[in-house]
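Here is the structure we will look at.
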């Protein structure tokens, strides 16, 4: 399965990552008065959104062949990039009407990033898949 993804990385990983990230930014840029109140489910939304972002980002860094450092440190880089984006997005939301930055939202973002990386790591071990930098 992972070899299949690697062969079709542009259509199955790179383009979906780009589209997803644009959609995520767009969704967090909507004024709050246009959205229903979600309460606790808001944290689950953050967790799941950043799990998906991290999955796609981690696969992108594993499959890219331009930077050996990003390839070798894909897990750490994915968590850093996704959680940094989450922090910047929380700051961005302070300027969106009806929204505000919340530490618990960022913690959910960070947790989702970790879950996404752990899932890819588990899948690679389970399928005995070891990508090589060529």
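Suppose we filter 71, 25 for residues that are in contact with a helix residue (DSSP H, G or I) (Cβ under 9 Å, 6 or more places away or on another chain), closer than 23 Å to residue 134 by Cα and either crowded, with 18+ Cβ neighbours inside 10 Å or in contact (Cβ under 8 Å) with a residue 40 or more places away in the chain (or both); which single one remains?
Testing whether each residue is in contact with a helix residue (DSSP H, G or I) (Cβ under 9 Å, 6 or more places away or on another chain), closer than 23 Å to residue 134 by Cα and either crowded, with 18+ Cβ neighbours inside 10 Å or in contact (Cβ under 8 Å) with a residue 40 or more places away in the chain (or both) leaves just 71.
Does residue 111 qualify as being in a helix (DSSP H, G or I), touching a helix residue (DSSP H, G or I) at 6+ places or on another chain (Cβ under 8 Å) and crowded, with 20+ Cβ neighbours inside 10 Å?
Against the criterion (in a helix (DSSP H, G or I), touching a helix residue (DSSP H, G or I) at 6+ places or on another chain (Cβ under 8 Å) and crowded, with 20+ Cβ neighbours inside 10 Å), residue 111 does not qualify.
Would you check if residue 8 is over 16 Å from the mean Cα position of the chain (by Cα) and free of Cβ contacts under 8 Å to residues at least 24 places away in the same chain?
Yes: the conditions hold for residue 8.
I'm told residue 125 meets every condition in (1) surrounded by fewer than 18 Cβ atoms within 10 Å (Cβ to Cβ); (2) in contact (Cβ under 8 Å) with a residue 12 or more places away in the chain except one. Can you identify the failing condition by its number?
Here residue 125 meets the rest and fails (2).
Could you grab the pairs with beta carbons closer than 8 Å, sequence gap of 6+ or different chains, first residue in the range 76-104 and on the phi > 0 side of the Ramachandran plot and touching a residue at least 12 places away in the same chain (Cβ under 8 Å), second one in a helix (DSSP H, G or I) and surrounded by fewer than 18 Cβ atoms within 10 Å (Cβ to Cβ)?
Cβ pairs passing all conditions: 98/32; 98/33.
Out of 48, 54, 78, 67, I need the residue that is at pLDDT 95 or above and farther than 16 Å from residue 120 by Cα. Which one?
Being at pLDDT 95 or above and farther than 16 Å from residue 120 by Cα holds for just one of 48, 54, 78, 67, which is 67.
For the range 35-48, indicate whether the set of residues that are touching a residue at least 12 places away in the same chain (Cβ under 8 Å), closer than 30 Å to residue 7 by Cβ and touching a helix residue (DSSP H, G or I) at 6+ places or on another chain (Cβ under 7 Å) is non-empty.
Yes, there is a match, as at least one residue in the range 35-48 is touching a residue at least 12 places away in the same chain (Cβ under 8 Å), closer than 30 Å to residue 7 by Cβ and touching a helix residue (DSSP H, G or I) at 6+ places or on another chain (Cβ under 7 Å).
The values are calculated or read from the model by the stated rules, or taken from the named source; none is laboratory data. Keep in mind it's a predicted model, so treat the numbers as computed, not measured. Don't worry about glycine lacking a Cβ; one is built from the backbone with ideal geometry, like all the others, and counts go over all protein chains shown.
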